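In what follows, a structure is listed as structure tokens, so that the remarks can point back to it.
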Amino acid sequence: MYEVRERANGFARRWFLQQCGVGLGAVALRQLLQASDPMAPKQPHHEPTAKNVIFLFMGGGPSHLELFDHKPALAKHEGTLPPADLLEGYRAAFIDPNSTLLGPKFKFSRHGESGADLSELVPHTASIVDEIAIVKSLVTDAFNHAPAQVMMSTGTQQFGRPSMGSWTLYGLGSESRDLPGFVVFSSGQKGPSGGNANWGSGFLPSMYQGVQFRTSGDPVLYLSNPPGVDRELQRASLDSIGRLNRMRLLDVGDPEIETRINSFEMAYRMQASTPELMDLSQEPAHVLEMYGAKPGKPSFANNCILARRLVERGVRFVELFHESWDQHGDLIGGLTQNCKDTDQPSAALVKDLKQRGLLEDTLVLWGGEFGRTPMVQGGTDDGRDHHPNAFTMWMAGGGIKPGATLGRTDELGFNVVEDPVHVHDLHATLLHALGFDHTKLTYRFQGRDFRLTDVAGWVVQELLA
Amino acid sequence: MRRAFLPAGLAILALPSFAVDFKTEVEPIFRENCYACHGEHVQQGQLRLDSRSVALAAGPSGQRLVAHRPEESSLYRRVAGLGDAPRMPMGGELSPEEIAKIRAWIEQGANWPTSSGTEDGLNQHWAFLAPRRAKPPAPGGNAANPIDGFVRARLAAEGLEPSPRASRETLARRLSLDLTGLPPTVQEVEAFVDDDGPDAYGRLVDRLLASPHFGERWGRIWLDAARYADSDGFEKDKPRQVWFYRDWVVNAFNADMPYDHFVVEQIAGDLLPGAGQDERVATGFLRNSMINEEGGTDPEQFRMEAMFDRMDAIGKAVLGLTVQCAQCHDHKYDPLTQRDYYRMFAFINGAHESMQAVYTREEQRLRHEILSQIREIEQGLRERMPDWRERMAAWEAREAGRQPEWQVLDASIKLGSGEKYEVLPDKSILAQGYAPTRSVVNPEALLQPGMVRAFRLELLMDPRLRLGGPGRSFRGTAALTEFSVEVAPASSPEKERKWRKLAVSRATADVNPEFSWLDPFLFPDKEGKRRILGDVGFAIDGFDMSAWSIDGGPGRRNQPSKAVFELAKPFTAEEPMLVKFHLSMKHGGYNSDDNQSLNLGRFRLSVTDAKGAEADPLPTQVRALVEQGEGPSRTREEVAAVFSEWRKTVGEWAEANRRIEELWARHPEGASQLTLKERDEPRMTSILQRGDFLRPTEAVQAGVPGFLHGLDAHADVPPRLAFARWLVDRRAPTTARAIVNRIWQGHFGTGIVETSEDFGRQAADPTHPDLLDWLAVELMENGWSLKHIHRLVVTSDTYRQTSRVTPTLLTADPRNRLLARASRFRVEGELVRDIALASSGLLTRAIGGPPMYPPAPEFLFLPPISYGPKRWYTATGTERYRRSLYAFRYRSVPFPVLTTFDTPTGNFSCVKRDRSNTPLQALVTLNETVFVEAARALARRTLDQGGASDAARIDFAFRSVLARRPGDGERSELRALLDDQRGRLNTGELEADLLAYGEPRDQASADASELAAWTALSRVVLNLDESITRE
């Protein structure tokens, strides 16, 4: 029986090489097969400074006023109404915009050589402050969660456009043969408001969409063999499937069958490699400690280590959603808890990447979809509403200038008064670091060449090392 | 005037002193170098340089010629190689002298005499001209099916030969998959293979076209375009009931509803004369847009987002045009202006986003029966009481004038919870957007000096509320947990305001349901507290566990209602006072990311100084009739309405009244459906600057774009209906082409126009333009029958070719656009799962009804994967094995089996799916629960029905999935696999129970081992490339 199988394999191979090969020419055949592998690594437009991206997406809208953007004047004006001209044309989600101002709830102090002024809530971030660039002048267009998250992820509020990670894969392909090129994790109290549109591929081919991993149970959907199927049976089944598919290839000559065979083999490799990848017990104790991670207990910290492990294995784009930052109320308690959950691991990730020499070509991005109002929400002086006019993000590695601080808001933290960075500009800068001219990374759909940056976006030169 | 001897560099400096003559110096350069791509025939980039009018006009990327400013003239920049755009002419440069000459000509004013060149404009784009039926070429003179004539003519031109016919097995499976989305059974294949009668193939086609599964298959394709999903999308992504629309689509395809009707009903079915439930349900097409009810949304903003989505869907699904660009600016490539866009927008902008009650045929029958029995009972009462008219009149006389004067308060609500309140002209308040499940709203109003004895809370209907309201629950009902009221002097400063509570001593209402427990399933309490509902007394009992239920029960719940709260002591305002109400609504569930709200929807507050005020038991309409007094002008219906109220008060009719109440209790619950409902007042539509709803510029009237066919305006036809008919006008150039192209795409993998969503100037050129037009005309001339087109296509020789790829064909036409063979492609996601179900015998073939929840990992529907916890009631029994069409579709966490195979999520209209080939797909078919169950079922079936020998059984399993018999090599391979697994099962290396049943069994069944071995084999067969491929 062994013989028969071997013969079938041999037939298919020979047929393919002889018949197709002769007809097409070996090079043409390879091109044809490669054309059917849209994940093959590709060269960008210019020499990139980043090969990978880890986006720590702080869903809900972290308060810039309590974390990064120190506004002593806001404390001074607490309890008074904001100047009327500031509110002209301003729309708020929950509150009447004409609500009283609320001073910052936490103390700030200066850190590092850069002297960045950071809140007491983020002591670990303070310890890497000279590695990161802080942008205090982000601006977005939307003030409801789902549209604003989709804006941050895809460059428009409308659903149906490709996400940052999808554009990145489309442009660069994937270095990993055993793992998806774009992996998504989720932690926090809620799921992302924008749902799967945050990592969707829009009109790009669907293989560029993000794949969700999780840290308990099957890390990838349907990764485990069904009951009664051990690894040997899985292998035997795949061998049979492969041989039968090759026989079919021999009969009908459709190269797509070859792709199917490869897909099954990669699935098998994923089955083998993913559990190992996800197994944090392999990490030394000091690493776990640095992140504050506990193997087997799903957390943002665990996801941060996994992000590093994925990048080590050639995964191009890792996105960690932590949806917990919507402090309409319980500003003090909520932020304290969130920072407890995220500050240490975020900083540890940057340190860890640096120690391993990965920070050089891995761009880490921290931030949410918008900021929060300088005005109070609720009667207990312990909440803020959504605010699109100004918010803070930080970036590190991948050619981003360490220790830089960019942008300034007015004394209330309401509007950006210096170096505004629109979401489009952030995207343009990110793509620039990945080696792309953002105006030229396009995909034609419905007769139009679409971009991540729509028709806008400037590369923020000040952020580049 | 040649200056050929000047060195190139000097030429530029030297030129301006000489006048350049266009006709003799510039035009020849254009003719020589540019006309080939920018001339009479080819007009790339919408430029023709032989036309003065076109060249001097602005192009897609700006002004080509700016007099005196060569640097700003894109034509000069392109030929001189300035800027980023590719240098012109493509593949060669002009000489420096020629460039200098053009520069000088522009510097001197770009004078282009009218006598030079033509004044012709750009060619009309082919797709904007109505299709004309070309005579089908007949190579060889005897192509029976015109399609083959067109295809073969093209093949002959390219020197290609068509492929031979596919085998009967292949054809049986191909046809069955293409027309019904299900593989044929072994018996069906056999019957066809053995059918020696004339036109066996034609009869098979007829049978499949008549199958009720045809509508499921092609309906699903339309549902992509209709962006169908069972949830709202955005953050909350709440479930919605829209399956009546889905079933309407399936039924329409099965009935071969003419495509023009099909479109008209979906755009404006509600406006058709005599529109019934079906026609209204059809408008669900426009309502499949997403709805954002996250906290703090502006309802109008997201209504506009939905409108944009509708325009996009009409563009892609019906017109085959990309209209979306023109939302913000004039279309860059097509002659669609922003004004055109908003003029079309105006046609569909006059409707409410409504939700209506719908009933299945069976429920409709029951409903009809109940209502006629009630009428009969009432008729009987009248017959047995000859003087009922006099008695009723006497009752009316007593009743008239009994209601006190109510003074409506000008109330408003402060923002905070994220719910939005709109004050309507009648001073009622409409709650919209986010619907909290536990809230207290505090309407405040100014009370003028005077006496107050009672407050009235009216609950009113509104088309924007679910089922019209008056509440915000998914049934349009509400529950009021507590009502209380406070007053404070209006003159007191806000911070120091001292509120004084006014004690309420008595409450009355016109609807007073009997005591009941709040359904803990629909409105769960986190702590499991059991809460109660009942009459209005519960709203003033000071007890948060009880509420007044504003719910008249099935068939009567969506009606206005009212309650009156009488004060213990009259309150006299000596000065203007502020009155603040506490409307406590705490009977919702705990999950505001689900449909668990029981809030008030639209309400109005009034005061009276009258003594003993009570809630009027009469409905508003009957009250008005009673106050008017009986007159000859009263219609039959009005008399009946008054009678229905009066009879309740007649003591001797208690028994009849009880029987009527019993009948009402049997009224079916029904379901709901999102529909459009035309407003009484049309909305004004304005052009929006950059598509921003906050920046309207100029108001526009409804109208159609000039580059398309005209609109026959009839004053008596509602605009939306006129627009719907315009879309499917026989003169519509793209409508018929777009739909026949998608039928073609379904049968050949790619459309004749590859960009099936875009027939505009940027569209891919059609591979067979005459065939496309021929099919389009054929559709329209055959009563827009889609089945007619399907039959034509699948009976063509082109369709019936083998899909075998030869090296020659792979080289000559790797993507098979010319169709020298049939196409071979992986089936759509739904079919991948349906094939596994059908070929294993698990499939449940029931058509229509509520969606089902196939097994899926629970964590998907819980945070932190899902934003909020979602309900997923995993189906058991036969329901579990229904077709994938019926799988519940959450937009934000779609059923992963389908999306892994590129099934769209319904976030936007999709007329062409992607077809990926990924490892995640392999994991689904190898390991997903239902696929594994299918492998077990196929094994069971093979053992039961596949004959006695291994060989016969292998053939049976193989044929069940692939229709054909295995070849020798395939048979041996499967045999070897089977034997290997038997060996491992015998040694106990493999656990038979787990493999065969998925769980250990207490009593080892005799054949567990065999079943397990065959399960392993079945799983392999179900995972073959061919199994999920349409060959």
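Each reported figure results from applying straightforward, stated rules to the coordinates on display, with no laboratory input. All values reported here derive from a predicted model rather than from experimental measurement. For neighbour counting, all protein chains shown are included, and Cβ atoms are generated from backbone atoms with ideal geometry for every residue, glycine included.
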* For chain B, what is the mean residue ellipticity at 222 nm derived from helices alone (per DSSP H run of n ≥ 4: -39500 (n - 2.57); sum divided by total residues; nearest 500 deg cm²/dmol)? -> -11000 deg cm²/dmol
* Structure fact -> Ranked on Cβ counts within 10 Å of their own Cβ, fewest leading, A:Asp382, A:Asp130 go A:Asp130, A:Asp382
* Structure fact -> Only helices counted: for chain A, with every DSSP H run of 4 or more residues adding -39500 (n - 2.57) and the sum spread over all residues, [θ] at 222 nm is -11000 deg cm²/dmol
* To do: Step through the residues of the stretch B:823-838 one at a time and calculate ³J(HN,Hα) from phi using the Karplus curve (6.51 cos²θ - 1.76 cosθ + 1.60, θ = phi - 60°), rounding each to whole Hz and writing x for Gly and Pro.
  => 8, 10, 8, 5, 6, 5, x, 4, 6, 4, 6, 5, 5, 4, 5, 5
* Asked: Can you give me the pair-distance distribution of the stretch B:8-123, C-alpha pairs, 5 Å bins, whole percents?
  -> 2, 12, 23, 28, 22, 10, 3, 1, 0
* Per-residue mean of C-beta atoms belonging to partner chains within 10 Å, peptide B:810-822 -> 2
* Structure fact -> Counting sequence-distant residues (5 or more places) and residues on other chains, those with an amide H built under 5 Å from that of B:Leu409 are B:Leu605, B:Ser606, B:Val607
* Structure fact -> Most exposed to least, judged by fewest other Cβ atoms within 10 Å, B:Leu457, A:Leu221, A:Leu65 sort to A:Leu221, B:Leu457, A:Leu65
* Roughly what % of DSSP beta bridges within chain B run antiparallel, to the nearest 5? -> 90 percent
* **Two-site label geometry, B:Arg683 and B:Arg384: point separation in nm, points 7 Å out along Cα→Cβ** => 5.3 nm
* Pull up the DSSP beta bridges for chain A and report the antiparallel fraction as a percent, rounded to 5. => 50 percent
* Principal axis dimensions, chain A - Cα atoms, whole angstrom, descending -> 86, 50, 39
* Using only the Cα atoms, what convex hull volume per residue in Å³ does the stretch B:129-185 have? -> 141 Å³
* Per-residue HN-Hα couplings for the stretch B:875-883, Karplus 6.51 cos²θ - 1.76 cosθ + 1.60 at θ = phi - 60°, whole Hz, x for Gly and Pro? -> 6, 10, x, 5, 4, 4, 9, 6, 4
* What number, in percent, do you get for the relative contact order of chain A if the mean sequence gap of Cα pairs under 8 Å and at least 6 apart is divided by its residue count? -> 28 percent
* **Cα radius of gyration and Dmax for the stretch B:338-489 (Å)** => 22.5, 68
* Environment charge at A:Ser273 (Cβ cut-off 10 Å; Lys +1, Arg +1, Asp -1, Glu -1) -> +1
* To do: Please state, as a whole number in µm²/s, the translational diffusion coefficient that the Stokes-Einstein equation yields for the stretch B:929-1030 at 10 °C and 1.306 mPa s, with Rh defined as the Kirkwood radius across alpha carbon pairs.
  => 117 µm²/s
* Relative contact order [Cα under 8 Å, 6+ residues apart], the stretch B:929-1030, whole percent -> 36 percent
* Asked: Where a ≥ b ≥ c are the square roots of the eigenvalues of the C-alpha gyration tensor, would you call the protein assembly as shown rounded, which needs a/c under 1.5, or, failing that, prolate if a/b is larger than b/c, or oblate?
  -> rounded
* Which far-off residues, 5 or more places away or on another chain, put their amide H under 5 Å from the one on B:Ala887, with H placed in the peptide plane? -> B:Met852
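Give me the dipole magnitude in Debye, nearest 20, for the stretch B:850-912 about the Cα centre, with unit charges on the beta carbon: positive for Lys and Arg, negative for Asp and Glu.
With Lys and Arg at +1 and Asp and Glu at -1, about 160 debye.
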* To do: Within 10 Å, count the other beta carbons around each residue, average over each peptide in B:448-456, B:834-842, and list them highest first.
  => B:834-842, B:448-456
* Determine the shielding of peptide A:249-259 by partner chains: average, over its residues, the number of Cβ atoms on other chains within 10 angstrom of each Cβ. => 6
* Asked: Computed on alpha carbon atoms, what radius of gyration and Dmax characterise the stretch B:338-415, expressed in Å?
  -> 24.3, 68
* Find the relative contact order for the stretch B:84-193 and round it to a whole percent, using C-alpha pairs within less than 8 Å whose residues are 6+ positions apart. => 11 percent
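Roughly how big is the stretch B:8-123's charge dipole about its Cα centre, with Cβ charges of +1 (Lys, Arg) and -1 (Asp, Glu), in debye to the nearest 20? Write down the numbers at each step before the final one.
Details: 11 positive and 15 negative charges, 39 e Å.
For the stretch B:8-123, the charge dipole is close to 180 debye.
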* State the antiparallel share, in %, of DSSP beta bridges confined to the protein assembly as shown, rounding to the nearest 5. => 75 percent
* To do: May I ask for the distance between the Cα centers of the stretch B:891-955 and the stretch B:223-271, given as a whole number of Å?
  => 26 Å
* Under 26 Å Cα-Cα from B:Lys236, which lysines qualify once same-chain neighbours fewer than 8 residues away are excluded? -> A:Lys190, B:Lys414, B:Lys420, B:Lys526, B:Lys529, B:Lys586, B:Lys677, B:Lys870
* Asked: Relative to the Cα centre, what is the charge dipole magnitude of the stretch A:336-465, using +1 at the beta carbon of each Lys and Arg, -1 at the beta carbon of each Asp and Glu, and rounding to the nearest 20 debye?
  -> 460 debye
* To do: Under a cut-off of 13 Å between alpha-carbon atoms, report the aspartates and glutamates in cross-link reach of A:Lys440, not counting same-chain residues fewer than 8 places apart.
  => A:Asp449, A:Asp454, B:Asp84
* Which ordering of B:His352, B:His68, A:His427 is given by a fewest-first count of other beta-carbon atoms within 10 Å? -> B:His68, B:His352, A:His427
* Asked: Measuring from label point to label point, each 7 Å out along Cα→Cβ, what is the A:Gln43 to B:Gln364 span in nm?
  -> 6.6 nm
* Asked: Other chains' Cβ within 10 Å of A:176-185 residues: what's the mean?
  -> 1
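Is the shape of the stretch B:288-396 rounded, prolate or oblate, going by the alpha carbon gyration tensor and its root eigenvalues a ≥ b ≥ c, with a/c under 1.5 for rounded and a/b larger than b/c for prolate?
Details: a/c = 3.45, a/b = 3.02, b/c = 1.14.
Prolate is the answer for the stretch B:288-396, as a/c is 1.5 or above and a/b outweighs b/c.
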* To do: If a/c stays under 1.5 just call it rounded; otherwise compare a/b with b/c (prolate if a/b is bigger, oblate if not). Do that for the stretch B:111-254, with a ≥ b ≥ c from the square roots of the Cα gyration tensor eigenvalues.
  => oblate
